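Just below is one structure, and these are the notes that go with it.
Computed from the coordinates by the stated procedures, all read-outs in this text should not be read as laboratory data. Predicted model, so just to flag it, every value in this text is computed and none were measured. Glycine also receives a Cβ, built like all others from the backbone with ideal geometry; neighbour counts cover every protein chain displayed.
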Amino acid sequence: MKPYFPFLFFGVTLFSQPVENPNNSILNVISSINIIKSKMDTLTTFKTEWVDSLKLVLPCKNVNVPKRSMRLPNAPRDYRNGTHRGIDFFANWGTPVRAVADGVVVRADKNYKEVPAKFRENMLDATTKVGNTPSDIFNSILLGRAIFIDHGFNLISGFRVISIYAHLSHINENIIPGAILKAGSALGKSGNSGMRESTLGLKSGAHLHWELILQTGKDEIYLGKDVSNPELYNMLKHIFK
Ligand SMILES: [Zn+2]
């Protein structure tokens, strides 16, 4: 085999030299890098035009989008070293909660039992050490009694979309994984599960935490990520009928 190798190498070099591949031109390489970069940008930066035609039902009837930025997406949540991904609707304990759009129930914490206060505190200590809110602590502890709904791929073009309803005090009997829902279907009642007050046996602090997550590729992005006010508030007001 050995004697043939130099000839093969020589042949390939000779053959490839006169023909320049247009895909390798500097201009072409730069433009492909730009395409890849803009695709990566779409995964990390929320674009308000994605939801220009999106219309959702308010999760609690007559409870409008709050104005205060601390109750909206992107607000800092220092107690858990994280960022708020959703909207905290002013809903008193026991306010009926409904689906914002057609979908299928993915998670419904029917048998939720509040966690011990000390355990929750230990989990929050862990968020400090990590410097972020780890997804397991967020999903399993801090959301409390929650419902997740899968809205499929038709709600926002190019994404799978899910909605999350957290801190509930009650989940309706028919809300089980696989249940098919229409926009406005009753889900349960608001509360304060997953919050410090709940672990202490109190009913204070009740509200509906609601969020919308868009998924594509290996990334997820929450509704309104890094959109600043007043654009954020106006966008949310426009989405809810
Ligand atoms: Zn919240």
With each pseudo-label sitting 7 Å past Cα toward Cβ, what's the PHE153-GLU49 distance in nm, one decimal?
-> 2.2
Each residue of segment 226-241 in order: what ³J(HN,Hα) in whole Hz does its phi give by Karplus 6.51 cos²θ - 1.76 cosθ + 1.60, θ = phi - 60°, with x for Gly and Pro?
-> 6, 7, 9, 6, x, 4, 4, 4, 4, 4, 5, 4, 5, 6, 8, 5
Roughly how many whole Å is it from the C-alpha centroid of segment 156-203 to that of segment 99-119?
-> 6
For segment 105-241 (alpha-carbon point model, no solvent) the Debye-based log₁₀ I(q)/I(0) at q = 0.18, 0.19, 0.21 Å⁻¹ works out to -1.19, -1.27, -1.37
Derived scalar couplings ³J(HN,Hα) [segment 131-141; Karplus, 6.51 cos²θ - 1.76 cosθ + 1.60; whole Hz; x for Gly, Pro] | x, 6, 9, x, 4, 5, 5, 4, 6, 8, 10
Search the structure for amide H atoms under 5 Å from the amide H of ARG77, placed 1.01 Å from N in the peptide plane, and list their residues when 5 or more places away or on another chain.
-> GLY82, THR83, HIS84
Over 29 Å between Cα atoms, which of LYS47/LYS189; LYS47/LYS110; LYS182/LYS237 qualify?
-> LYS47/LYS189; LYS47/LYS110
List PHE159, PHE90 from most exposed to least, where exposure is judged by having the fewest other Cβ atoms within 10 Å.
-> PHE90, PHE159
Arrange TRP50, TRP210 by Cβ neighbour counts within 10 Å, fewest through most, would you?
-> TRP50, TRP210
To the nearest 20 debye, what is the magnitude of the charge dipole of segment 46-156 about its Cα centre, counting +1 on the Cβ of each Lys and Arg and -1 on the Cβ of each Asp and Glu?
-> 280
Amide H within-cut-off set for HIS170, under 5 Å, with H built and near neighbours excluded | LYS189
Name the long-range amide H neighbours of ARG107: under 5 Å, sequence gap of 5 or more, or other chain; modelled H, no Pro or chain starts.
-> PHE148
³J(HN,Hα) across segment 191-204 via Karplus (A = 6.51, B = -1.76, C = 1.60, θ = phi - 60°), whole Hz, x for Gly/Pro?
-> x, 9, 4, x, 9, 3, 4, 5, 5, 9, x, 9, 9, 6
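Suppose R0 equals 30 Å; then what is the FRET efficiency for ASN229 and ARG160 from their Cβ-Cβ distance, rounded to the nearest 0.05? It would help to have the intermediate numbers written out before the result.
Details: r = 28 Å, r/R0 = 0.92.
Once the sixth-power term is evaluated, E becomes 0.65.
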Here, LYS182 and SER140, labelled 7 Å along Cα→Cβ, have an inter-label distance in nm of 3.8
